[in-house]
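A short worksheet on the structure shown next.
Derivation of every value follows stated rules applied to the coordinates shown; laboratory data play no part. These numbers come from a predicted model, not from an experiment. Note that each Cβ is placed from the backbone with ideal geometry, even for glycine, and that neighbours are counted across all protein chains shown.
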Amino acid sequence: MNMAYVLINTDMGSESVVGDELGKIEEVKEVYGVYGVYDIVIKLEAENLEELKELISTKIRGMEDVKSTLTMIVM
């Protein structure tokens, strides 16, 4: 199992909506609203790195109110 943490910037005021939508994604295991440079931190788990890449590229970065992401793959 591969795991990653993704730090997410959202459009102002949309943090809770994005957090709720992220929580509906099966591979998203944890969702946290945070203060600071980023708005949300999530923990992802997938079978392989290709699945992680696809998930982040399409499902997460493709969300309407997601402005940017920073991904940290766990070793």
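Data for the structure
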quantity	calculated
Loop-located trypsin sites (Lys or Arg not before Pro) in the chain whose Cβ has at most 14 other Cβ within 10 Å (DSSP)	24
Pairs of Cα atoms farther than 14 Å apart, the chain, %	54 percent
Exposure proxy ranking, count of Cβ atoms within 10 Å, fewest first, for 55, 70	70, 55
Mean separation of Cα contacts under 8 Å (6+ apart) over length of the chain, as relative contact order %	47 percent
